[in-house]
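Readers should treat all values here as calculations from the given coordinates under stated rules, not as data from a laboratory. Please read these numbers as outputs of a predicted model, since none were measured by experiment. Counting neighbours? That spans all protein chains shown, and the Cβs are built from the backbone with ideal geometry, glycine included.
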Amino acid sequence: MSRGYFQHGGVTFPGLLYSPRGLEAAREFPVEDDDVFNVTYQKSGTVWMLEILSLIRQGGDPGWCRSVPNWERGPWLETLLGLRRARGNARPRIISSHLPVHLFPKKFFSSKAKVIYTVRDPKDVLVSLFPFARIFRPYKDPGSLEEFMEKFLQGDVPFGSWFQHVRGWLQLRGRENFFWISYEELQQDLRGSVQRLCSFLGGRCRGRRWTPWWPTRPVTMSHNPMSNFSLSPAFILDRGRGPFLRKGISGDWRNHLSPEQSQRFDLVYRERMEGLGVSFPWDPPESPPEPQKQEESPQKNPQDPQKEEESPQKEAESPQKEEESPKKRRNPPKKRRNPPKKRRNPPKKKGKRPKKPLRMPPKRRKPPQKRGKSPQKPSGLPKRGGIPPKKHPGYPEKPSGPPKNLSGPP
């Protein structure tokens with residue numbers, strides 16, 4: 001269980017692992033020009049950035065990350081154990097810290113040492129810090145998410161207010177030895193982000209050694225016992241209540257915060273971050289969208305009734321014209337829209353083919369006769385060996401004897 005909290009420099013710290021004496025010693029830490037500080041607010045990608053910096057230091061060789069725990073590779077400056085390890089590590093040193101800028105070592109501001117500051121969406125920080133407070137024994141029980149969110153917005157949590165922490169460190173932007181990046185940028189373009197880090201640190205991120213670990217992300221790091229804090233002592237982490245490394249994604253707050261809680265968070269965020277001059281990918285809109293108002297009926301022009309009403313003198317002068325002309329309507333009927341013009345060539349309907357006109361069958365013609373031979377008439381004499389043709393009943397029979405003399409005797 002925790003031993004309670006104490007205040008130092010206006011910031012809350014847990015009594016276990018931290019002490020005023022250790023924080024004062026961190027303030028006087030001897031900074032070297034080749035030191036690299038990995039600075040974040042808690043649950044903002046500290047372990048992920050430490051893994052990247054460890055690989056950059058070794059030229060892409062993952063052997064150091066797989067054989068040495070991360071709290072020895074990049075010890076935390078604000079603890080007494082971490083302070084001793086940082087003093088004894090070989091140069092160039094990697095040192096991690098959650099300290100705000102006003103509690104950071106004094107000699108840093110007059111040295112060439114470099115700070116890499118990682119910032120994350122505060123809603124995701126809240127959602128990740130809530131289960132972490134349950135397994136990290138130096139912290140008090142967070143209670144419900146609603147209660148913990150109010151404490152987070154007020155800065156009544158370990159390491160103080162997220163808003164003051166980010167505003168304080170981003171005041172150093174523009175300095176040659178200060179580099180800041182967002183957690184969301186690392187997720188969207190890991191290769192490009194690491195190359196920018198290499199150029200800032202004066203190294204190179206090319207070669208065969210770099211290719212295998214480009215997919216290195218919090219999910220893959222959770223399987224490395226040198227990075228997932230599975231080797232940490234039981235008096236620090238209660239691993240039975242959950243793992244140290246969780247999802248490591250952006251936008252997970254949508255699965256935990258209600259719309260009312262999100263609006264409450266956005267309201268405080270706009271008030272506390274106003275005037276910083278930095279835009280983040282998670283910035284809420286300037287004002288919530290207003291409901292659309294119903295369209296009101298158009299007001300009448302005060303000059304219209306004057307035109308409609310005629311003076312009594314004109315009415316007396318021309319009574320006949322008034323009777324002939326109909327009274328004007330205040331609300332004239334709406335004019336009908338002109339019907340669409342017919343097209344000259346209407347589009348043909350698809351699917352149906354036009355019927356073909358009926359055609360009469362062609363008249364049959366007689367076959368042409370062959371030239372050269374005239375058609376032979378049938379003769380009464382039969383051919384040899386043939387059958388005589390039948391006699392037609394309409395023709396008279398020819399006499400068999402000699403012809404008679406019709407004119408009488410000679």
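Backbone N atoms of segment 32-60 closer than 15 Å to the 7 Å Cα→Cβ label point of ARG196 belong to residues 49. Using the average count of surrounding beta-carbon atoms within 10 Å as a protection proxy, the listed peptides 258-264, 100-106 rank, highest first, as 100-106, 258-264. Less than 5 angstrom separates the built amide H of VAL119 from those of ILE181, SER182, TYR183, all sequence-distant by 5 or more or on a different chain. Checking the Cα-Cα distances for LYS43/LYS112; LYS43/LYS114; LYS106/LYS140 against a 29 Å cut-off, the pairs over it are LYS106/LYS140. Of all DSSP-defined beta bridges confined to segment 5-272, some 25% are antiparallel rather than parallel.
Estimated from the Cβ-Cβ distance and a Förster radius of 51 angstrom, the FRET efficiency linking GLN58 and GLU271 is about 0.70.
Classified by the C-alpha gyration tensor, segment 8-56 has an oblate form. Its axis ratio a/c, with a ≥ b ≥ c, is 1.5 or above, and a/b does not exceed b/c. Placing a label point 7 Å from the Cα of HIS8 along the Cα-to-Cβ direction, the residues of segment 140-163 whose backbone N falls under 20 Å of that point are 140, 155-162.
Here the simple spin-label model places points 7 Å from the Cα toward Cβ, and for ILE236 and SER144 these points are separated by 3.4 nm. Diffusion coefficient (Stokes-Einstein, Kirkwood radius over C-alpha pairs, 10 °C, 1.306 mPa s) for segment 5-272: 83 µm²/s, rounded to a whole number.
So how do 34-40, 169-175 stack up, highest first, on mean other-Cβ count within 10 Å? Before the final figure, lay out each step's value.
Working: 34-40: 22.4, 169-175: 13.9.
The peptides rank, most packed first, as 34-40, 169-175.
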